Amino acid sequence: MDRCALAYQYHKEGWNCAQSVAGACADLAGRTPEEVLPLLAGFGGGIGGSHEEVCGALSGGVLILSLCFPFDKPEDQAAKRNIYRITKEYRRRFHEIFGHTRCGDLLRARPGVTEKNPAAARLGVASHCDNMVVTAVELLEALVREARREDGE
């Protein structure tokens, strides 16, 4: 399955950036798109379309990471440290490619497709938000694979 292409398709259908990333990657967390799409309705456009907060594509990825590496018992501080470590790395990688993580900053900077985000180039992505969506999925897939390997899964 080409999750990057699926996320691109979701976005073209009208789902927001967060929903597009999470819907395309739901299977990584053992979920269906129908289960995760509604959970991110308010996260598009930098939370509620304000463009003031974190990029929706990044938010959608964080939801999937949280489902893949749950911190679901308050006494499990190792799980808490683990998910914080993984999401911090996800954010770092996104920032490394685009120079920003806030929606409005990304919109002003308009970072393009480069050798750092090959899935966007492969799919011929031209629009700004589509670039964020496809790249967020690309990074998410790699990070989940790495983290699961570290966990011995």
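Let's see how each residue does on (1) more than 13 Å from the chain's Cα centre (by Cα); (2) open to solvent by less than 70 Å² (accessible area, probe 1.4 Å); (3) at negative phi:
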site: 5; (1), (2), (3): yes, yes, yes
site: 20; (1), (2), (3): no, yes, yes
site: 23; (1), (2), (3): no, yes, yes
site: 39; (1), (2), (3): yes, no, yes
site: 53; (1), (2), (3): yes, no, yes
site: 84; (1), (2), (3): yes, no, yes
site: 94; (1), (2), (3): no, yes, yes
site: 108; (1), (2), (3): yes, no, yes
site: 111; (1), (2), (3): yes, yes, yes
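Results for (1) of a type in the set (S, T, N, Q); (2) touching a Lys or Arg at 6+ places or on another chain (Cβ under 6 Å); (3) farther than 24 Å from residue 109 by Cβ, shown as yes or no for each residue.
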| residue | (1), (2), (3) |
| --- | --- |
| 5 | no, no, yes |
| 19 | yes, no, no |
| 25 | no, yes, yes |
| 33 | no, no, yes |
| 36 | no, no, yes |
| 57 | no, no, no |
| 60 | no, no, no |
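Among the residues of the stretch 68-81, how many are touching a residue at least 60 places away in the same chain (Cβ under 8 Å) and either open to solvent by 30 Å² or more (accessible area, probe 1.4 Å) or farther than 20 Å from residue 27 by Cβ (or both)? Can you show your working first?
Quick first cut of the stretch 68-81, residues touching a residue at least 60 places away in the same chain (Cβ under 8 Å) only: 68-69.
Still in the running and either open to solvent by 30 Å² or more (accessible area, probe 1.4 Å) or farther than 20 Å from residue 27 by Cβ (or both): none.
The qualifying residues number 0.
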What number of residues within the stretch 41-51 satisfy the criterion of being open to solvent by less than 50 Å² (accessible area, probe 1.4 Å) and either part of a helix (DSSP H, G or I) or charged (D, E, K, R) (or both)? 1
When only residues in the stretch 123-139 that are free of Cβ contacts under 8 Å to residues at least 40 places away in the same chain and surrounded by fewer than 20 Cβ atoms within 10 Å (Cβ to Cβ) count, which is farthest from residue 107 (Cα to Cα)? 124
Considering only helices (runs of 4 or more DSSP H) wholly within the stretch 64-153, the ones with at least 3 residues that are more than 27 Å from residue 12 (Cβ to Cβ) are 77-98, 128-151
Does the stretch 140-153 contain at least one residue that is surrounded by 14 or more Cβ atoms within 10 Å (Cβ to Cβ) and free of Cβ contacts under 8 Å to residues at least 40 places away in the same chain? no
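The values are calculated or read from the model by the stated rules, or taken from the named source; none is laboratory data. The structure presented is a predicted model; accordingly, all values stated were derived computationally and were not measured. Every residue, glycine as well, gets a Cβ built from its backbone with ideal geometry; the counts of neighbours run over all protein chains shown. Ligands, DNA and RNA are excluded from the accessible area calculation, which covers all protein heavy atoms including side chains. Shrake-Rupley method; radii C 1.70, N 1.55, O 1.52, S 1.80 Å.
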